[in-house]
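J.: My questions all concern the structure below.
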Amino acid sequence: MKDKTVAILESRAGERVASLIRKYGGTPFLAPALAEVPDVDPERIRALIRDWESIPPDMFIFQTGVGTRALFAATDSMALSPALLRMLETSKVVVRGPKPTAALGARKVRIDFSADDPFTTHEVLAQLRAVPLRGKRIVVQRYGETNRELEGALESEGASVTEIATYRWAVPEDTAPLVRLIDALGRGAIDLVAFTSASQASNLFTVAQGCGKEASLKQSLERTLIASIGPVCSATLRKLAVRVDVEAKPPKLGPFIDVINAALSGAAGDRPAAGDAT
């Protein structure tokens, strides 16, 4: 990717991704597309735990490390963590990957089902394929936004699903970097756009729509290489009518950087470089 410009929409790990792009000789263009907004309702959590003390949930599904830690931070503040831990002892505990596993490990919580690599909803559901779910009460720790695929699959099996929100993803308060990215794409100054989550794609289009540049953004993306971190992100991009040129397999940062490097070295085909766009 030497001498190529890569747009990075990642927020939390943006600088880390940028440093990897520089390592390969590329130029990062940082335009954070997500704001992580706390979304904990202590009174709802208190009411849920009171309800669960009468009828404990049959299963808890933890999807992210940051969300798991935020939930325990909330229960710590209300002196309800011991009650939550008692419920986890009597319920089945499912995790989507190593980050919620580590967060639960810090609380000495037993893990019953752990999704396999690449830690997507598909792998979570695969773990539960042989588990009877009809009539079960399942608590899902939400991440950023509702996991419609997971919720729909559980409910189709007859389960009752309760979400616990701990944070949500929003459009950043400062949208200037995203507007600059949209303008840079219009000038053909970006060689590749790297999407590391589905919400980044949605927020980019939200900002473009807000400044009257949605049509030009679509045209710009048609002539720019597009890299996706994995299948969930790719599905959202395609719903937005954005072509996906390369996708990381598995959906992790290392393979993602590798496919970006390969794409910009010509391995992704003969799409025009940004500077060649007309």
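J.: Give the aspartates and glutamates reachable from Lys252 as a straight Cα distance under 17 Å; neighbours fewer than 8 places away on the same chain don't count.
T.: Qualifying aspartates and glutamates at Cα under 17 Å: Glu10, Glu15, Asp116, Asp117, Glu123.
J.: For Thr146 and Arg16, what is the calculated FRET efficiency with R₀ set at 25 Å and r taken between the beta-carbons, to the nearest 0.05?
T.: 0.35
J.: Assign one of three labels to the range 37-169, namely rounded, prolate or oblate, based on the Cα gyration tensor with a ≥ b ≥ c the square roots of its eigenvalues; rounded applies when a/c is under 1.5, prolate when it is not and a/b is larger than b/c, and oblate otherwise. Could you put the intermediate results ahead of the total?
T.: Details: a/c = 1.41, a/b = 1.25, b/c = 1.13.
Judged from the Cα gyration tensor, the range 37-169 comes out rounded (a/c under 1.5).
J.: Top mean-square fluctuation among Val131, Val244, Val95, Gaussian network model of the chain, C-alpha springs under 10 Å?
T.: Val131
J.: OK, next. Nearest 0.05, what FRET efficiency do Arg86 and Val179 give at R0 = 41 Å with Cβ-Cβ as r?
T.: Efficiency, from the Cβ-Cβ distance: 0.25.
J.: When DSSP assigns beta bridges and you keep just the ones with both residues in the chain, what percent turn out antiparallel, to the nearest 5?
T.: Numbers: 5 of 33 bridges.
If we restrict to bridges inside the chain, about 15 percent are antiparallel.
J.: A further question on this structure: Considering only the other residues whose Cβ falls under 12 Å of the Cβ of Ala126, what net charge follows from Lys and Arg at +1 and Asp and Glu at -1? Intermediate results must be reported in sequence, preceding the final value.
T.: Working: positive: Arg96, Arg129; negative: Asp116, Asp117, Glu123.
Surrounding charge for Ala126 is -1.
J.: Do any trypsin sites (Lys or Arg not before Pro) in the range 166-220 lie in a loop, going by DSSP, with at most 13 other beta-carbon atoms within 10 Å of their beta carbon, and if so which?
T.: Answer by residue number: Arg187.
J.: Given springs between every Cα pair under 10 Å in a Gaussian network model of the chain, which of Tyr143, Tyr167, Tyr24 has the largest fluctuation?
T.: Top of the fluctuation ranking is Tyr24.
J.: Sticking with this one: Go ahead and estimate [θ] at 222 nm for the chain from helices alone: -39,500 (n - 2.57) per DSSP H run with n ≥ 4, summed, over the residue count, rounded to 500.
T.: -13000 deg cm²/dmol
J.: Would you mind counting up the charge near Gly97? Only other residues with Cβ under 12 Å from its Cβ, with Lys and Arg at +1 and Asp and Glu at -1. Present the calculation step by step, with values, prior to reporting the outcome.
T.: On the way: positive: Arg96, Lys99, Lys252; negative: Asp116, Asp117, Glu123.
It works out to a net charge of 0.
J.: Let me ask something else about it. Which order results if Cys233, Cys211 are arranged by neighbouring Cβ count within 10 Å, fewest first? Before the final figure, lay out the partial values.
T.: On the way: Cys233 22, Cys211 13.
In order of increasing Cβ crowding within 10 Å: Cys211, Cys233.
J.: Select one label from [x] 0.93; [y] 1.26; [z] 1.11: the one whose number is Cα Rg over 2.2 N^0.38 Å as derived from the coordinates shown.
T.: [z]
J.: Amide H to amide H, which residues 5 or more places from Glu247 or on other chains are under 5 Å from it, using H placed in the peptide plane?
T.: Correct list: Ser228.
J.: The range 170-220 to the range 63-108: how many Å between their Cα centroids?
T.: 35
J.: Percent relative contact order of the chain, based on C-alpha pairs within less than 8 angstrom and at least six residues apart?
T.: 20
J.: A follow-up question, please. How high is the relative contact order of the range 37-169, in percent, with contacts defined as C-alpha pairs under 8 Å that are six or more residues apart?
T.: 31
J.: Once you sort the root eigenvalues of the Cα gyration tensor of the range 13-93 as a ≥ b ≥ c, which label holds: rounded (a/c under 1.5), prolate (a/b larger than b/c) or oblate (the other case)? Mind dumping the intermediate values first?
T.: Numbers: a/c = 4.00, a/b = 2.71, b/c = 1.48.
Prolate is the answer for the range 13-93, as a/c is 1.5 or above and a/b outweighs b/c.
J.: Out of residues 5 or more away from Leu34 or on other chains, whose amide H comes under 5 Å of its own, with H placed 1.01 Å from N in the peptide plane?
T.: The answer is Ser11.
J.: Along the Cα→Cβ direction, 7 angstrom out, place labels at Glu53 and Arg168. What is the inter-label distance in nm?
T.: Simple spin-label model gives 2.9 nm for this pair.
J.: Something else now. Given the pairs Lys2/Lys99; Lys4/Lys239; Lys213/Lys239; Lys92/Lys239; Lys4/Lys213, which are separated by over 30 angstrom at their Cα positions?
T.: Long pairs (Cα-Cα over 30 Å): Lys2/Lys99; Lys92/Lys239.
J.: Now for a different question. Using the Cβ atoms and a cut-off under 14 Å, what net charge is assigned to the surroundings of Arg238, where Lys and Arg are +1 and Asp and Glu are -1?
T.: 0
J.: Where in the range 86-119 does the amide nitrogen come within less than 15 Å of the point 7 Å from the Cα of Leu253, taken along Cα to Cβ?
T.: Only 98-99 pass the distance filter.
J.: Going 7 Å from the Cα of Ala241 in the Cα-to-Cβ direction, what parts of the range 201-231 have a backbone nitrogen less than 13 Å from that spot?
T.: Residues 214-222 fall inside that zone.
J.: Give me the percent of DSSP beta bridges within the range 37-169 that run antiparallel, rounded to the nearest 5.
T.: Close to 15 percent.
J.: Taking 0.36 nm per intervening residue step and subtracting the Cα-Cα distance, what contour gain separates Lys2 from Ala262 on full extension?
T.: On the way: separation 260, 0.36 × 260 = 93.60 nm, distance 1.11 nm.
Here the segment from Lys2 to Ala262 would lengthen by 92.5 nm.
Coordinate-derived values only; no laboratory data. What you see is a predicted model; the values in this text were computed from it and never measured. FYI the Cβ positions are ideal-geometry reconstructions off the backbone, even for glycines, and counts take in every protein chain you see.
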